[in-house]
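S.K.: Provided herewith is a single structure, encoded as structure tokens, for subsequent inquiry.
Bear in mind that the values in this text are calculations on the coordinates, not laboratory data. Owing to the predicted nature of the structure, the values given are computational and were not obtained by experimental measurement. Positions of Cβ are backbone-derived with ideal geometry, glycine not excepted, and every protein chain shown enters the neighbour counts.
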């Protein structure tokens, strides 16, 4: 994160290298609020937005019934306040995008046709398109709660097909990553594969969460608390790494400092490039863990106890290939 020349403006570079600009509002005793700025810091729009945000809060112009007003109201609502921190972070990204595109528009007159146009404009990124539609639907429901609308134009809009989602790693890709990974990234890889947790949860695991028999995890997305016995392979890595640990977190940098999600993804991306691995990510190892459990004959309840999936449908989606093979082999044995 770097500072711009204008006061309170910060530059943020995400894991893929893209740069975003934000106006940072500091409030005593509260976490700083990050307000999205236009992408070009040299544009007149950027300076105009800075001047708007720089005015005292009581003087800022918020058009009644606008999306800006709706977003501000939703962010202050109990519904938003009770979300998990990771979910809040993801929602804020989409709320910032909606505010940038539609801020001064009257949300009470926003038609269904615009919802579909917004979806189709992002059809090359179906997961992001669907997320934006989902957040827009939540905003429209909030508008109904406020008495600003009597219906939700997003309700019933079809989501774009996502295909199979995150891809599971092949045995060859797993072997290649292990061969080329540095010790820190290798440990993160084994923790991901051996626990089935999201990368955002991996970086928050502390050595105090591991008692030698299990890792205690509180998932950032769902808030679910899990007690996960490690695989034999993972246990060997954890016990060895703990003996030489220099930091509080299990996955730490060379000086023992905690790694962020973005930093871990960047390290993993470098290893994949070095090993010639394409089409997979750390999140895909969550699918590998689910498949391994399904192939071992675990029930949906047993799989969810490890991975923290909240629905049988999601477990079935991840494990359907392995279960189909097991059922087909059982059926073939009956015909022999």
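S.K.: Please return the ranges of helices (runs of 4 or more DSSP H) entirely within region 105-218 where 2 or more residues are touching a helix residue (DSSP H, G or I) at 6+ places or on another chain (Cβ under 6 Å). Lay out the reasoning, then the answer.
M.R.: Details: elements: 112-120, 126-146, 171-180, 183-195, 199-202.
Per the criteria, 126-146, 171-180, 183-195, 199-202.
S.K.: Give the residue that is nearest to the chain's Cα centre (by Cα), with candidates limited to residues of region 244-255 that are under 13 Å from residue 183 (Cβ atoms) and loosely packed, with under 12 Cβ neighbours inside 10 Å.
M.R.: It comes out as 254.
Let's see how each residue does on (1) crowded, with 19+ Cβ neighbours inside 10 Å; (2) farther than 23 Å from residue 262 by Cα:
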site: 154; (1), (2): yes, yes
site: 159; (1), (2): no, yes
site: 162; (1), (2): no, yes
site: 167; (1), (2): no, no
site: 174; (1), (2): no, no
site: 194; (1), (2): yes, no
site: 198; (1), (2): yes, no
site: 202; (1), (2): yes, no
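S.K.: Looking at (1) closer than 30 Å to residue 19 by Cα; (2) free of Cβ contacts under 8 Å to residues at least 24 places away in the same chain, which is the one condition that is false for residue 302?
M.R.: Exception for residue 302: condition (1).
S.K.: Inspect all residues belonging to region 200-214 and state whether any of them is farther than 30 Å from residue 243 by Cβ and free of Cβ contacts under 8 Å to residues at least 12 places away in the same chain.
M.R.: no
S.K.: Could I ask something else about it? Identify all residues within region 219-230 that are in contact (Cβ under 8 Å) with a residue 40 or more places away in the chain, in contact with a helix residue (DSSP H, G or I) (Cβ under 6 Å, 6 or more places away or on another chain) and not in a strand (DSSP E or B); write none if there are none.
M.R.: Within region 219-230, the first condition is being in contact (Cβ under 8 Å) with a residue 40 or more places away in the chain, and the residues that meet it are 219-224, 226, 228.
Narrowing further to those that are in contact with a helix residue (DSSP H, G or I) (Cβ under 6 Å, 6 or more places away or on another chain): 219-221, 228.
Selection gives 219, 220, 221.
S.K.: If you don't mind, another one. Of everything in region 84-104 that's in contact with a helix residue (DSSP H, G or I) (Cβ under 7 Å, 6 or more places away or on another chain) and in a loop (DSSP other than H, G, I, E, B), which residue is nearest to residue 137 (Cα to Cα)?
M.R.: Here the residue is 103.
S.K.: Restricting to region 231-254, name every residue that is more than 15 Å from residue 205 (Cα to Cα) and either outside any loop (DSSP other than H, G, I, E, B) or in contact with a strand residue (DSSP E or B) (Cβ under 6 Å, 6 or more places away or on another chain) (or both).
M.R.: Answer for region 231-254, where residues must be more than 15 Å from residue 205 (Cα to Cα) and either outside any loop (DSSP other than H, G, I, E, B) or in contact with a strand residue (DSSP E or B) (Cβ under 6 Å, 6 or more places away or on another chain) (or both): 232, 233, 236, 240, 243.
S.K.: For region 270-304: of the residues being part of a helix (DSSP H, G or I) and surrounded by fewer than 16 Cβ atoms within 10 Å (Cβ to Cβ), which is nearest to the chain's Cα centre (by Cα)?
M.R.: Per the stated criteria, the residue is 270.
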